[in-house]
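Here the structure is laid out as structure tokens; the discussion comes afterwards.
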Amino acid sequence: MKEVQDHYFKKAKKEGYAARSAFKLEEIDTKHKLLKSGSKVIDLGCYPGSWMQYVSGKIGDKGLVLGIDRTALQISLKDNMRFIHSDINELDLSTLENVATRFNLVISDMAPNTTGVKGVDAARSLQLCEMALLVARERLHPDGAVLVKILRGGTFDELLRQMRNEYRIVKTIKPKSSRKESKEIFVLGMHRK
Ligand SMILES: C[S@@+](CC[C@H](N)C(=O)[O-])C[C@H]1O[C@@H](n2cnc3c(N)ncnc32)[C@H](O)[C@@H]1O
């Protein structure tokens, strides 16, 4: 397992990514074709920026990726990248409209500070996913998609329930590049009802 992780760590370094997380998004995107030239994307919990780097390369000059994180980004921003330094729970979501009226994709790799207390961590993880769903509700194009990370636990079924209520297609994804022992799992929602 460690060797696999070392592989992704080295690959990220070699390809200039800020983190190996980029390969999880790459795997999901390759399979589900989420990103296109010109796509507009909101990336929640974007620090240190590897998802933004991957997205920026895929969407090209006509696309736009807006990253939001409570930690300031250190990577240099390309012309198709924007960044808002804020906790998502404190952000006035109406300001997102100033960046673009409609987005094609909302992605969230947000992870809570874990306490080790299962119920608390699961509840915090769900709350961050619910914020991503709220952002999607406000700014996503009807044909757009939302991808969220959740820590598998008591609240996973609740997230699926909420997403199935709102999206016609809901898929759970565990990328190969995600550590097997990690509780993280991604849920993709497509086509708002
Ligand atoms: C696993 S990292 C994201 C890695 C990123 N996708 C990448 O590829 O570089 C999770 C991020 O979620 C952010 N985060 C967690 N809770 C947040 C919140 N309430 N508001 C904004 N960002 C949050 C953390 O600051 C952290 O940078």
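None of the figures in this text is laboratory data; all of them are computed from the coordinates on show. This one's a predicted model, so the numbers in the text were calculated from it and none came from an experiment. Positions of Cβ are generated from backbone atoms using ideal geometry, with glycine treated the same way; all protein chains shown enter the neighbour counts.
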remark   = Long-range amide H partners of Ile84, meaning residues 5 or more apart or on another chain whose placed amide H is closer than 5 Å, are Gly67, Ile68, Asp69
task = Pairs to check: Lys62/Lys183; Lys11/Lys193; Lys36/Lys118; Lys13/Lys40; Lys40/Lys118. Give those whose C-alpha atoms are more than 32 Å from each other in this structure.
result = Lys62/Lys183; Lys11/Lys193; Lys36/Lys118; Lys40/Lys118
ask   = What shape does the stretch 14-53 take by its C-alpha gyration tensor, where a ≥ b ≥ c are the square roots of the eigenvalues and a/c under 1.5 counts as rounded, a/b above b/c as prolate, and the rest as oblate?
value = oblate
request  = Please list, in chain and number order, the residues 5+ apart from Ser108 or on another chain whose amide H is under 5 Å from its amide H, with Hs placed from the backbone.
outcome  = Leu44, Leu147, Val148, Lys149
query = Points 7 angstrom from Cα along the Cβ direction at Asn165 and Arg192: gap in nanometres?
reply = 1.6
key: Counted charge near Gly57, where neighbours are those whose Cβ lies closer than 14 Å (Asp, Glu -1; Lys, Arg +1)   = -2
task = Based on alpha-carbon positions alone, could you give the equivalent ellipsoid semi-axes of the chain from the gyration tensor, as √(5λ), descending, whole Å?
result = 22, 22, 17
message = Can you compute 3J(HN,Hα) from phi for each residue in the stretch 39-53, using the Karplus curve 6.51 cos²θ - 1.76 cosθ + 1.60 with θ = phi - 60°, rounded to whole Hz and x for Gly and Pro?
response = 4, 10, 9, 9, 10, 8, x, 7, 5, x, x, 5, 5, 4, 5
ask   = Quick one: length gained pulling Asn98 to Arg70 fully straight, 0.36 nm per residue minus the C-alpha distance?
value = 8.1 nm
task = Express the relative contact order of the chain as a whole percentage, based on alpha carbon pairs under 8 Å and six or more residues apart in sequence.
result = 18
